[in-house]
1. So how far apart, in nm, are the two label points at Leu65 and Ser17 if each is 7 Å from Cα heading toward Cβ?
2. Met58 to Lys26: extension gain in nm, 0.36 nm per residue of separation minus the Cα-Cα distance?
Amino acid sequence: MNACMTNHHPIAGSKFSNATLRRLAKKNLFLVSSTWIPGADGSFVNGESAFLLSDGTMRSFLQVLAIAK
């Protein structure tokens, strides 16, 4: 990861409101990228978006929202 990262990735960031992105930035967390992960059944058909945060964790959309609260 880039330790000097101070901006959210534009594509990953476009999924969230500006308020959510500001709250993440206040916690020194930034969206690095997004990807599609398989669902609970292992199928990509039932998958979901996942977001890589600057702390190296991969989180779902709802998990990112919970972190930003």
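Values quoted throughout were computed directly from the atomic coordinates according to the rules given, and no laboratory measurement underlies them. Note that this is a predicted model, so its numbers are computed, not measured. Here the Cβ positions follow ideal geometry from the backbone for every residue, glycine too, while neighbour counts run over all protein chains shown.
1. Taking the two extended label points, one gets 1.0 nm.
2. Between Met58 and Lys26, full extension yields 9.6 nm more.
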